[in-house]
Amino acid sequence: MRGLSILVLAVLVVFGCRKDSLNKDDHESLSDWIKFSKNSRCIYRVDSIAFRRDNPLPDTFSFEYMEIVDTVFFDNVNEPAARMKIVTRKDSLDFWQFRRMYYAKTTEAFYERIEDNIRLLKISFPPAEDVLWNLNSRNNLPPVMLSYQNLYEPYQGEFMKSDTTLTVVGKEINNALEKYKYLEIYGKGIGLMYREKTEMLKQGNNWDGYKRTQKLVYAD
């Protein structure tokens, strides 16, 4: 009986290790997930619903949004970084219009996005389900606590898919006075594939705020 117990334990250990090795690479880094290649592009479709306190009817609009890696460099602490260009257009028949620039970088511990002098910690590394971090820990905005769910799961989007992803979520709020949702899905070697953000407050009889989704259409 003791021999049988040892055999069962050995089988469980082997299969447990095998599952872990299939899900992640112990030698991976954030640069495996977020790649900075000069002139590479990600095109997204954005669908948004805007709510205003002085109007009971929401406004809906859609547009295309493209991020281009403009410049790749190592910053003053010798960490990989990129200067990113954002352009938008109404649809595929329209011309791209320049909107703004921002900076992004990867460290051993975080993927950071710096826009309008506001530094956001978008991804914590290495990923684990018990990791909790503050998106705004390096700026003066109110804390937004983030965590992971569905680590290393495949993702089938409306336009593109990935075999391995990281899903970052904030604490969801859904009640009669406030609605809040933060969700981002990153594909390995692709970057951001899906974003969903909701921020709404009840003002009298109407809502004030927005719901927005951002879906990856193309990446090179």
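The values are calculated or read from the model by the stated rules, or taken from the named source; none is laboratory data. Keep in mind that what you see is a predicted model, and the values were worked out from it rather than measured. Counting neighbours? That spans all protein chains shown, and the Cβs are built from the backbone with ideal geometry, glycine included.
Among the residues of segment 125-153, just one is assigned to a strand (DSSP E or B) and acidic (Asp, Glu), namely GLU153. Among the conditions (1) closer than 19 Å to GLN214 by Cα; (2) among the aromatic types (Phe, Trp, Tyr); (3) not in a strand (DSSP E or B), the only one that PHE95 does not satisfy is (1).
Whenever a residue of segment 132-152 is in contact (Cβ under 8 Å) with a residue 60 or more places away in the chain, its partners that are surrounded by fewer than 12 Cβ atoms within 10 Å (Cβ to Cβ) and not aliphatic (A, V, I, L, M), lying with C-beta atoms within less than 8 angstrom and at least six residues away or across chains, give the pairs LEU151/ASN23; LEU151/GLU129; TYR152/ASN23. Screening ARG52 on (1) basic (Lys, Arg); (2) modelled with pLDDT of 95 or more; (3) farther than 27 Å from ILE123 by Cα shows it passes everything except condition (2).
Within the set PHE36, PHE95, PHE61, the sole residue that is over 24 Å from GLY157 (Cα atoms) and either at pLDDT 95 or above or of a type outside the set (Lys, Arg) (or both) turns out to be PHE95. I'd like to check something: does segment 206-217 contain any residue that is assigned to a loop (DSSP other than H, G, I, E, B) and under 14 Å from the mean Cα position of the chain (by Cα)? Checking segment 206-217: not a single residue is assigned to a loop (DSSP other than H, G, I, E, B) and under 14 Å from the mean Cα position of the chain (by Cα). In the set (1) of a type outside the set (Val, Ile, Thr); (2) closer than 25 Å to GLU79 by Cα; (3) in a loop (DSSP other than H, G, I, E, B), LYS122 fails one condition alone, (3). Here GLU64 does not fit the description of being surrounded by fewer than 18 Cβ atoms within 10 Å (Cβ to Cβ), closer than 24 Å to LYS188 by Cα and more than 16 Å from the chain's Cα centre (by Cα).
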